[in-house]
Amino acid sequence: MSTPKGSRPNPSTYLSQEYIDAHLAQFDDGASIIMTKEQYINYVKGNANIGIPSDGTQFVMPKNYCDEIATTANGNISVYEKSLGFDIGYFDDGGGLVRIDIDNLDGLNLRIPSGNEAGANSHWIPGGKTDGGVSEAITDLIPNNPSNISITEIK
């Protein structure tokens, strides 16, 4: 944790291959992303790819975890913030939330985050889970293709 962002080791140096394989298997039924409507309009809608172009990555969670958060939250944005490792209030001014579901992750280089990614914030912890306990991984940029992507406005 004290290693600065940009110098953190590859998770394969401190996690077993069995752990990594079991963790990534949670994404076999797809992945989800939560963002504000404003972020969606500015960075996803009409763009060829989903993710951060500067480092070519996108954080994702297993689709079934997103389903569980949605049920627990029942429209309460702070439940998403806490579960996904964001400061309370992070999503408040974004015009609501958008859920992006990715059905098939083949060819997207699914892996456990190292914490060096552009999207890793001060809540990032090693091991592939948010500080709210939700499993997470990263992919390469995701093609914004309607045949593999579903968009849902949450609130």
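Observations on the model:
- At least 1 residues being basic (Lys, Arg) is the threshold, and among the helices (runs of 4 or more DSSP H) wholly inside segment 17-77 those reaching it are 37-43, 63-73.
- The number of residues in segment 134-155 being touching a Phe, Trp or Tyr at 6+ places or on another chain (Cβ under 9 Å), surrounded by 18 or more Cβ atoms within 10 Å (Cβ to Cβ), assigned to a strand (DSSP E or B) and of a type in the set (A, V, I, L, M) comes to 2.
- Options 67, 131; residue that is under 23 Å from residue 12 (Cα atoms), more than 11 Å from the chain's Cα centre (by Cα), open to solvent by 60 Å² or more (accessible area, probe 1.4 Å) and not small (Gly, Ala, Ser): 131
- Candidates 59, 86, 27: the one that is modelled with pLDDT under 95 and of a type in the set (A, V, I, L, M, F, W, C) is 86.
- Annotation note: of 6, 30, the sole residue that is at positive phi, open to solvent by 20 Å² or more (accessible area, probe 1.4 Å) and not β-branched (Val, Ile, Thr) is 6.
- For segment 70-95, a tally of residues being open to solvent by 10 Å² or more (accessible area, probe 1.4 Å) and small (Gly, Ala, Ser) returns 6.
The rows are residues; the columns are (1) touching a residue at least 24 places away in the same chain (Cβ under 8 Å); (2) under 15 Å from residue 135 (Cα atoms).
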position: 7; (1), (2): yes, no
position: 34; (1), (2): yes, yes
position: 40; (1), (2): yes, no
position: 43; (1), (2): no, no
position: 56; (1), (2): yes, no
position: 60; (1), (2): yes, yes
position: 85; (1), (2): yes, yes
position: 91; (1), (2): yes, no
position: 98; (1), (2): yes, no
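The values are calculated or read from the model by the stated rules, or taken from the named source; none is laboratory data. What you are looking at is a predicted structure, and each value in this text was computed from that prediction instead of being measured. When we count neighbours, we look across all protein chains shown, and the Cβ atoms used for this are built from the backbone with ideal geometry, even at glycine. Please note that ligands, DNA and RNA were not included when accessible areas were found on the heavy atoms of the full protein model with its side chains. Shrake-Rupley method; radii C 1.70, N 1.55, O 1.52, S 1.80 Å.
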